[in-house]
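Remarks on the structure that follows.
All of the numbers you see were taken from the coordinates with simple rules; none came from a lab. The shown structure was predicted, so the numbers you read here are calculated from the model rather than taken from an experiment. Cβ sites come from the backbone with ideal geometry, for glycine too, and all protein chains shown count toward neighbours.
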Amino acid sequence: MNPELNKLHPYPFEKLSVLKDGITPNPELEHIALSIGEPKHKAPEFVLEHLQQQLDGVSAYPLTKGIPELRQAITDWLVQRFSLPIESLSAEQHIIPVNGTREALFAFAQAVINRNLESTQEPLIVMPNPFYQIYEGAAYLSGAEPYYLNTTTENNYLPDFESVDSEIWDRCQLLYICSPGNPTGAVIDITSLQKLIKLAVQHDFIIASDECYSEIYFDESKPPVGLLEAAADMGHTDYSRCVVFHSLSKRSNLPGLRSGFVAGDKNILSSFLKYRTYHGCAMPLHHQKASIKAWQDEKHVQSNRSLYQKKFTDVLEILEPVLDVKKPDASFYLWAKTPGSDEDFAKNLFAEQNITVLPGCYLSREAYGLNPGSQHVRMALVASYEECIEAAQRIRQFME
């Protein structure tokens, strides 16, 4: 067996199951899950109808590269959403449809990391801490070493890129960023993104920007900035060393469709496509055709966003007087501080109020003598409005 498999940590939800094992929650209360970031809002009917109409697509092998119509729909969406020069982005060269961002984020490291350098030191993959655990697993299985950048209250839950030594950037082959962040919801500003692009050029590494929460935000006049947008704004319109990952899971409440895309540096994507052809991960044709409809419509996305906006406003009105928690920049998570152990908080909340939240320490690693996820819990406000309000009221009662 691949010895690197032994380096993989149990997934956060495995740890959560162990934590809850043997606990009998309050039987008088219905369970409310705030632990998993699985959207529960209604999927757009027009997409589901189109999906059903395209089921004859199961009779054909799909192309790994995806059909031209899907790649063009994605290109048009990127140009419109991030104000990109239309001539800078080619549906043929800059876009690859993927089966959700999770598999693509993992596979990307396997394709781009060069583990055969003459250096005696392993290559580095730099990532935020806390993080989406796929980044860490991708690092280990690609033969690289994860390098963690703590995100804390003091740095507004954003990685302090300025504190990274030049020697670390020299060893870095891949930088994962997540903006809006999971679990914190923090958004990296355009100036910081442009500094990262300059660092990537200077030290010759790739930026993989996980932007799957980019369409869940609270101010309609200020959508989160994207990496390609930052690149185009500084005239970096070949998007070299810049690759972004987007998904329909959160944007359109279609997590089971497993539909997303990778876009950016055409030379990197050419090699990544070669890898994916062997990987055997082409998106089913009927999923591709349904995805076109989703990327071409913004009304359902705005409606989805307004539901989150209302939930966050009303939930925070209930929780802020009793819990150290604030509205994030974006995303559908609350990153709440706990008065003591985050594991004890989660365990006792489950026992007393039959609510499941995720301890923050399960989403991070100790670095520089600190586990930045400890004494935090992640709450995903993905359930219905009524359930989220009920959960907030129970959490307030628990705190009081």
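Where does the charge balance sit around GLN353 when Lys and Arg score +1, Asp and Glu -1, over other residues with C-beta under 15 Å from its C-beta?
Working: positive: LYS20, LYS347, ARG394, ARG396; negative: GLU28, GLU30, ASP344, GLU352, GLU387, GLU390, GLU400.
Computed value for this residue: -3.
Could you compute the net charge surrounding ILE395? Neighbours are other residues with a C-beta less than 12 Å from the C-beta of ILE395; K and R count +1, D and E count -1. Before the final figure, lay out each step's value.
On the way: positive: ARG394, ARG396; negative: GLU320, GLU352, GLU390, GLU400.
Here the charged neighbours net out to -2.
Lysine pairs in segment 59-297 with alpha-carbon atoms under 29 Å apart, 8 or more places apart or on different chains: how many are there?
For segment 59-297, the number of qualifying lysine pairs is 23.
Compare GLY100, GLY143, GLY360 in a GNM of the chain, Cα atoms joined below 10 Å, and give the one with the largest fluctuation.
Looking only at GLY100, GLY143, GLY360, the largest GNM fluctuation is found for GLY143.
Using only the alpha carbons of segment 59-297, determine the length spanned along each of the three principal axes and report them from longest to shortest in whole angstroms.
Largest to smallest, the principal-axis extents are 50, 43, 32 Å.
Which three semi-axes in whole Å describe the equivalent ellipsoid of the chain, each the square root of 5 times a Cα gyration tensor eigenvalue, listed largest first? Don't skip to the end; give the middle numbers.
Numbers: eigenvalues 213, 142, 84 Å².
Largest first, the chain gives 33, 27, 20 Å.
Which value in Å does the Kirkwood hydrodynamic radius of segment 270-400 take, with 1/r averaged over all unlike C-alpha pairs and then inverted? Display every interim value, and only then the final one.
Working: mean 1/r = 0.0571 Å⁻¹.
After inverting the mean inverse Cα-Cα distance, the result is 17.5 Å.
For the chain, list the DSSP H helices whose alpha carbon atoms reach 18 Å or more along the long axis and whose average Kyte-Doolittle value is 0.0 or above? Spell out each step's value before the answer.
Details: long enough: 68-82 (21 Å, -0.35); 190-203 (20 Å, 0.49); 266-279 (19 Å, -0.64); 299-319 (30 Å, -0.64); 385-399 (21 Å, -0.53).
What comes out of the filter, once short or polar helices are dropped, is 190-203.
Which value, in Å to one decimal place, does the Kirkwood hydrodynamic radius take for segment 60-191 when every pair of different Cα atoms is included?
Working: mean 1/r = 0.0592 Å⁻¹.
With all distinct Cα pairs of segment 60-191 included, I get 16.9 Å.
Binned at 5 Å from 0, what are the whole-percent values of the Cα-Cα distance distribution for segment 153-255, short to long?
Reading the bins upward from 0: 2, 12, 22, 24, 20, 12, 5, 2, 0.
So if I take the centroid of the Cα atoms in segment 40-103 and the same for segment 224-258, what is the distance between those two points in Å?
Here the answer is 13 Å between Cα centres.
So what's the gap between the Cα centers of segment 380-394 and segment 278-343, to the nearest angstrom?
Centre-to-centre (Cα) distance: 13 Å.
Which Rg and Dmax, in Å, describe the Cα atoms of segment 35-105?
Answer for segment 35-105, Rg first and Dmax second: 14.9, 42 Å.
Please compute the modelled spin-label separation between ASP324 and ALA60, points set 7 Å along Cα→Cβ, answer in nm with one decimal.
5.7
With the cut-off at 22 Å, report for segment 289-366 the share of all Cα pairs above it, as a whole percent. Let's see the in-between values first.
Working: 1274 of 3003 pairs.
Percentage above 22 Å: 42.
Please identify the GluC sites (Glu not before Pro) of segment 54-102 that satisfy two criteria: DSSP loop assignment and at most 15 other Cβ atoms within 10 Å. Which are they?
Answer in residue order: GLU92.
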